[in-house]
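Peer 1: Following this message is one structure expressed as structure tokens.
The values are calculated or read from the model by the stated rules, or taken from the named source; none is laboratory data. Not measured: the values here are computed from a predicted model. Cβ sites come from the backbone with ideal geometry, for glycine too, and all protein chains shown count toward neighbours.
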Amino acid sequence: MLQPVARLAELVRALVQRHYLDLSAARVWPLCVLVVYGIVAGFIYNPGMDHPWDKLQHLVFFGLLTLSIHAFFCCRLRISAGIAAGLGLTAELVQALVPHREFSLGDIAANMLGVTLVVAAIMLLRLEVHAALSGSPSSGEQDDETADAAQAQPVASSSGRSRPS
């Protein structure tokens, strides 16, 4: 029984190495969370029925979708955001054609807000990491250093000369 599983694992390992796929936890976890969230939300909420958490569901799902695309495919942030936003818009347009489903501008707005929030969070995280790696002090530390340097300067009189002490 273990032999077919070992062969399958070896086949996957060979494919990953041949195509340079990175299946590390940081790349796979967002996708796993998205799948679990989709399954749980699908069991809890009946699609097609309006419920009070509908917009929040759209926001969370498309935020996770953006994060999953970005992490798993390791593509540029604007590409992953564009794909997720396009999928959200397409899903709503298709619902306009399907009976017992309805097109909603509110759902489109929630989808786009989910994408936007994840993009903003990733960009802020990148700025923080860049600032930490470059070794530049934060703005609060800069203000303290500037104040210390100003206090170390000798006090000048109105004539422009410093007084002897």
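Peer 1: How many residues are over 26 Å from E102 (Cα atoms), modelled with pLDDT of 80 or more and surrounded by fewer than 13 Cβ atoms within 10 Å (Cβ to Cβ) if we restrict to the stretch 32-84?
Peer 2: Counting residues in the stretch 32-84 that are over 26 Å from E102 (Cα atoms), modelled with pLDDT of 80 or more and surrounded by fewer than 13 Cβ atoms within 10 Å (Cβ to Cβ) gives 4.
Peer 1: When residues of the stretch 97-121 are filtered for being assigned to a loop (DSSP other than H, G, I, E, B) and free of Cβ contacts under 8 Å to residues at least 24 places away in the same chain, how many remain?
Peer 2: Of the residues in that region, 5 qualify.
Peer 1: Please identify the pairs in which a residue from the stretch 72-92 that is farther than 15 Å from T116 by Cβ has its Cβ atom under 8 Å from the Cβ atom of a residue that is surrounded by fewer than 20 Cβ atoms within 10 Å (Cβ to Cβ) and among the acidic types (D, E), counting only partners at least 6 apart or on another chain.
Peer 2: C74/D22
Peer 1: Quick check on the stretch 122-139. Is at least one of its residues in a helix (DSSP H, G or I) and under 14 Å from L64 (Cα atoms)?
Peer 2: Kept after step one, since they are in a helix (DSSP H, G or I), are these residues of the stretch 122-139: 122-134, 139.
Checking the rest, the ones that are also under 14 Å from L64 (Cα atoms) come to 122.
Yes; the residues of the stretch 122-139 include at least one that is in a helix (DSSP H, G or I) and under 14 Å from L64 (Cα atoms).
Peer 1: Which members of the stretch 59-88 meet the condition of being assigned to a helix (DSSP H, G or I) and among the charged types (D, E, K, R)?
Peer 2: Keep residues of the stretch 59-88 that are assigned to a helix (DSSP H, G or I), which gives 59-73, 77-88.
R78, the sole residue that qualifies.
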